[in-house]
There are 2 protein chains.
Amino acid sequence: MIFTTVDRTSSKSLTQQVYEQIRKGILDKKLLEGQKLFSTRELASTIGVSRNVVLEAYERLISEGYLEVKPKSGTFVAKGTSLSKISDYPYEKDKKETKKLENAVIDFKGGNPAIDHFPRKKWGQLTKEVCSESQQHIFGYSDSCGIEELRNVLAVYLQRARGVQCQPDQIIITSGATQGLRLITELLISDRQQDYIAVEDPVTDEMRNIFSYANAKIHPVSVDENGIIPELLPKERPSFVFVIPSHQFPLGGILSIQRRLQLIEYARKMDCYIVEDDYDSEFTYEGAPVPSMQGIEQEHVLYVGTFSKILSPALRIGYVVLPPHLVEDFQQLKWFTDRHTSSIEQFVLARFIEDGHFDRHIRKMKKIYQERREVLVNSILLAFKKAKIIGKAAGMHLVVEIPNVDFTKEICDKITSFGVRIYPVEQYSMKKGEHKDKIVMGYGGLTAEQIKKGVKLLKKALNQI
Amino acid sequence: MIFTTVDRTSSKSLTQQVYEQIRKGILDKKLLEGQKLFSTRELASTIGVSRNVVLEAYERLISEGYLEVKPKSGTFVAKGTSLSKISDYPYEKDKKETKKLENAVIDFKGGNPAIDHFPRKKWGQLTKEVCSESQQHIFGYSDSCGIEELRNVLAVYLQRARGVQCQPDQIIITSGATQGLRLITELLISDRQQDYIAVEDPVTDEMRNIFSYANAKIHPVSVDENGIIPELLPKERPSFVFVIPSHQFPLGGILSIQRRLQLIEYARKMDCYIVEDDYDSEFTYEGAPVPSMQGIEQEHVLYVGTFSKILSPALRIGYVVLPPHLVEDFQQLKWFTDRHTSSIEQFVLARFIEDGHFDRHIRKMKKIYQERREVLVNSILLAFKKAKIIGKAAGMHLVVEIPNVDFTKEICDKITSFGVRIYPVEQYSMKKGEHKDKIVMGYGGLTAEQIKKGVKLLKKALNQI
């Protein structure tokens with residue numbers, strides 16, 4: 001029999017220790033099938049524990065099937081309990097060092113909001129209130145479409161702020177806009193061999209990945225400073241056209257009303273859908289934001305929004321406004337994907353909106369982003385005489401064109417080694433070669449000081465490369 | 001020109017009102033392309049507002065492309081701004097009445113935890129603390145695998161409580177076990193035409209739906225009171241075998257160690273995976289819980305767990321423990337599915353576990369569920385002389401066999417009309433006809449009083465049907 005010892009300083013109970021050692025002995029074939037074990041009295045006295053300790057361990061091993069008792073003869077290792085040995089799997093931990101180093105770099109990544117301004121105190125306080133005041137059913141499963149309270153306030157907000165025309169029942173709360181887009185793709189792509197999506201080009205590579213992970217084929221449609229060019233839309237029916245009409249990423253254009261209407265006529269003629277991504281339109285610094293396309297056409301437009309940019313991406317709360325005939329299928333899909341989005345936070349968000357904190361937060365953030373944008377624009381124009389700022393004054397990123405610079409991957413890597421990271425528009429382009437001298441600079445997550453320092457470092461880098 | 005009026009009692013600004021009416025007029029073709037508008041002065045005096053109001057509305061319409069200014073001649077409706085008219089889409093609201101009625105029924109649905117005992121005050125308080133004390137980076141995007149703090153405490157917990165052998169890096173936090181299973185299916189099914197999954201039969205229909213929504217084919221493998229029957233495993237390699245070894249749903253069996261090892265040998269020989277769903281093993285009322293299969297074999301087992309049953313399904317926090325070679329692909333898949341699971345709640349949960357509240361909560365719930373189970377068992381045996389309780393004393397459901405009763409859908413519907421809902425095992429079976437006299441009764445979410453009343457109603461119903 002294997003040698004069993006116990007460690008009285010261990011946090012594990014003596015029974016647990018005896019149990020584990022015998023179990024391991026059986027699995028490792030040190031105790032063989034059919035082998036007789038010490039009696040409980042013998043083992044207890046051998047290792048110096050009370051008999052109850054061994055009794056309990058044996059009982060557990062018997063109930064789990066490792067051991068069997070033969071009346072009047074003793075306790076034996078049961079049949080079929082040993083495993084063929086396999087070699088240990090070597091497992092290396094991720095090297096997190098590189099990541100730490102990178103944090104020192106000033107990162108002009110687009111789409112990073114100002115998390116330093118997340119209303120953390122208010123959020124914590126509201127969560128406490130919701131947890132203590134709500135009825136208990138909120139801690140159970142909820143509907144896959146999201147909680148009613150949030151969809152109600154959201155419908156009112158979207159109508160007022162974005163001109164979206166919908167009933168609360170057409171809104172489905174998703175785990176971020178990412179999941180919204182993912183599920184839309186699954187829903188609208190029926191034939192994986194034939195169906196495809198028409199997508200703005202350039203567009204963020206993460207968007208392309210969402211579509212390809214959902215097994216959809218992509219047809220790029222070029223974008224100019226007024227957004228997607230309707231004349232270039234495919235002649236064969238796509239499953240849907242993906243557009244960001246209010247502030248294109250990365251080029252920053254706003255889709256003109258003429259093009260919006262052309263696009264809608266196209267969708268009607270082709271009987272395909274338009275997926276309208278409206279991720280940062282709340283932040284418009286010149287004039288009022290242009291209302292959504294969904295407000296013009298409800299039957300062919302799926303409107304996708306998120307709280308990641310306005311509040312925090314940590315929440316993972318987004319939403320999709322659907323034409324009524326798609327609601328039921330989408331709900332089912334969501335249920336079998338992840339049931340529903342975390343509901344306590346939905347209740348907190350509903351209260352945050354209802355109590356007016358949301359509107360106040362948007363007003364505050366708009367000022368902050370506008371200031372950050374101005375700092376960036378001024379720093380760029382001061383540092384680079386020939387630079388041109390592209391894109392509408394909105395959102396939390398802009399595009400800079402610096403004539404005669406070719407922002408290849410090598411150049412950008414070198415720039416990073418100076419302590420500042422910028423993103424070439426070419427990286428987001430499917431058709432290569434049209435935007436070589438343009439870079440995307442996100443300013444949402446950077447302070448004025450970081451922005452100024454970043455542009456200085458960029459200038460230094462470009463001078464020396 | 002259309003007739004514009006303003007409503008001074010409205011919460012909308014005068015500019016907004018003028019803007020919306022003109023915009024609507026253009027889209028509805030009441031104002032035609034090329035038509036000249038009143039001058040700002042004329043319109044202002046017509047509707048009785050200051051000229052600035054109209055100026056602002058016009059400017060916005062110009063910037064959005066609805067209007068255009070022709071120098072020295074005036075403001076006109078721009079070209080390409082009108083839409084062909086479509087009929088309004090009739091949209092009926094869901095009838096929520098039926099749902100309210102249903103709430104009065106005592107529902108023995110399996111898998112519903114005791115949400116009346118969710119530690120709501122502690123949760124609210126910890127959220128408040130996390131929100132006010134944490135570094136700001138927690139409000140930004142986090143890693144798709146989940147936050148380090150939670151994975152660290154979880155690895156320790158799983159080793160201690162479930163014998164799971166893993167590094168924190170092998171754990172990925174998912175939006176509930178549902179998403180874990182969904183992503184595993186996507187990851188392991190490469191050829192949708194050929195690949196298939198071997199699944200315990202009976203098994204919850206929701207599980208089957210998760211697999212089919214991920215486009216996987218299912219091969220049922222029968223289950224008896226000791227869990228899945230290894231001799232019935234398919235001869236051709238499945239992508240994975242789905243099992244609930246610690247407390248099968250619905251039959252409630254614990255997979256014997258012999259069968260566990262046979263299953264592992266099978267997976268090694270076939271080079272396929274085992275997906276071990278361990279949703280409620282913390283609640284075992286006779287002896288200690290049987291350790292996980294993952295503790296015996298790490299390379300072929302994917303271990304899936306959830307906090308939905310122990311804490312609350314509202315949180316949508318589950319996890320997958322992966323063999324190291326699958327971690328990177330799974331992380332990517334998660335990123336392009338929904339980025340990551342809501343991270344503020346992950347921090348709260350990590351603290352909840354670390355501070356010892358989690359272990360205390362499990363001990364408390366174990367007592368509660370054990371009591372509820374005893375009440376149910378006693379009530380059943382008292383009410384039905386021939387009834388037999390099937391399944392290990394564990395979890396939050398059991399199976400009752402009532403000889404000579406055939407629980408068809410019609411019978412069950414009739415029973416529901418008496419105010420109590422039970423679930424026939426046949427509903428969960430792919431091979432029909434083997435479990436006609438068995439029903440599943442979940443007791444997790446019901447109080448002792450509800451359980452007693454429910455059984456009385458069931459008896460009354462069966463006597464009258």
- [ ] Return the pairs, sorted by first residue and then second, in which the second residue is open to solvent by 20 Å² or more (accessible area, probe 1.4 Å) and of a type in the set (Gly, Ala, Ser), the first residue lies in segment B:45-59 and is assigned by TED's automatic domain parsing to the domain that holds B:LYS24, the beta carbons are less than 8 Å apart, and the residues are 6+ apart or on different chains.
- [x] B:GLU59/A:GLY287
Task: Count of residues meeting criterion [buried (at least 24 other Cβ atoms within 10 Å of the Cβ) and either free of Cβ contacts under 8 Å to residues at least 40 places away in the same chain or touching a strand residue (DSSP E or B) at 6+ places or on another chain (Cβ under 7 Å) (or both)] in segment A:234-248 - done: 9
Open item on the list: Please determine whether any residue of segment A:34-41 is part of a strand (DSSP E or B) and out of contact with any Pro (no Cβ under 8 Å at 6 or more places or on another chain).
Closed with: yes
Task: Residues of segment A:159-200 satisfying the condition of being acidic (Asp, Glu), open to solvent by 10 Å² or more (accessible area, probe 1.4 Å), closer than 23 Å to A:VAL221 by Cβ and touching a residue at least 24 places away in the same chain (Cβ under 8 Å) - done: A:GLU186, A:ASP195
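Taking into account only those residues within segment A:166-182 that are more than 7 Å from chain B (Cβ to nearest Cβ) and in contact with a helix residue (DSSP H, G or I) (Cβ under 7 Å, 6 or more places away or on another chain), which is farthest from A:VAL199 (Cα to Cα)?
Among them, the one singled out is A:PRO168.
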Open item on the list: Which of the numbered conditions does A:ASP88 fail, given that it passes all the others? Conditions: (1) open to solvent by 50 Å² or more (accessible area, probe 1.4 Å); (2) modelled with pLDDT of 80 or more.
Closed with: (2)
Task: Output for segment A:339-377, where each listed residue is touching a Lys or Arg at 6+ places or on another chain (Cβ under 8 Å) and more than 13 Å from chain B (Cβ to nearest Cβ) - done: A:HIS357, A:VAL375
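So, of the residues in segment A:266-282 that are hydroxyl-bearing (Ser, Thr, Tyr) and in a loop (DSSP other than H, G, I, E, B), which turns out to be most open to solvent (accessible area, probe 1.4 Å)?
Here the answer is A:TYR279.
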Task: Boolean, B:LYS309 is outside any helix (DSSP H, G or I) and within 14 Å of chain A (Cβ to nearest Cβ) - done: yes
Task: Residue that is least open to solvent (accessible area, probe 1.4 Å), among those in segment A:5-35 that are of a type in the set (Lys, Arg) and on the phi < 0 side of the Ramachandran plot - done: A:ARG23
- [ ] Check A:VAL290 against each of (1) over 22 Å from B:GLU68 (Cβ atoms); (2) outside any helix (DSSP H, G or I); (3) at the interface with chain B (Cβ under 8 Å from one of its Cβ atoms) and name the one condition it does not meet.
- [x] (1)
Open item on the list: The conditions are (1) more than 12 Å from chain A (Cβ to nearest Cβ); (2) open to solvent by 30 Å² or more (accessible area, probe 1.4 Å), and B:TYR303 fails exactly one of them. Which is it?
Closed with: (2)
- [ ] Looking only at segment A:293-306, count how many residues are in contact (Cβ under 8 Å) with a residue 40 or more places away in the chain, assigned to a loop (DSSP other than H, G, I, E, B) and in contact with a strand residue (DSSP E or B) (Cβ under 7 Å, 6 or more places away or on another chain).
- [x] 2
- [ ] Within segment B:374-386, identify whether any single residue is within 30 Å of the chain's Cα centre (by Cα) and free of Cβ contacts under 8 Å to residues at least 12 places away in the same chain, and answer yes or no.
- [x] yes
Task: Count of residues meeting criterion [open to solvent by less than 10 Å² (accessible area, probe 1.4 Å) and either more than 7 Å from chain A (Cβ to nearest Cβ) or at pLDDT below 95 (or both)] in segment B:119-129 - done: 1
Open item on the list: Of everything in segment A:131-149, what is open to solvent by less than 50 Å² (accessible area, probe 1.4 Å), under 28 Å from A:LEU333 (Cβ atoms) and part of a helix (DSSP H, G or I)? Give them in sequence order.
Closed with: A:ILE138, A:PHE139
TODO: Among the residues of segment A:229-252, count how many are at pLDDT 95 or above, over 19 Å from A:ALA216 (Cβ atoms) and touching a Phe, Trp or Tyr at 6+ places or on another chain (Cβ under 7 Å).
DONE: 1
TODO: Can you work out which of the residues in segment B:257-287 that are within 7 Å of chain A (Cβ to nearest Cβ) and among the hydrophobic types (A, V, I, L, M, F, W, C) is nearest to B:ASP224 (Cα to Cα)?
DONE: B:ILE257
- [ ] Answer yes or no as to whether B:ILE210 is aliphatic (A, V, I, L, M) and part of a strand (DSSP E or B).
- [x] no
- [ ] Take the residues in segment A:53-84 that are out of contact with any strand residue (DSSP E or B) (no Cβ under 9 Å at 6 or more places or on another chain), assigned to a helix (DSSP H, G or I) and open to solvent by less than 10 Å² (accessible area, probe 1.4 Å), then tell me which one is nearest to the other protein chains (Cβ to nearest Cβ).
- [x] A:ALA57
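The values are calculated or read from the model by the stated rules, or taken from the named source; none is laboratory data. Since this is a predicted model, take the numbers as computed values, not measurements. Please note: Cβ atoms are built from the backbone with ideal geometry, for glycine as well, and neighbour counts cover all protein chains shown. Each accessible area value is taken on the protein alone, full model and side chains, heavy atoms only, with ligands, DNA and RNA left out. Shrake-Rupley method; radii C 1.70, N 1.55, O 1.52, S 1.80 Å.
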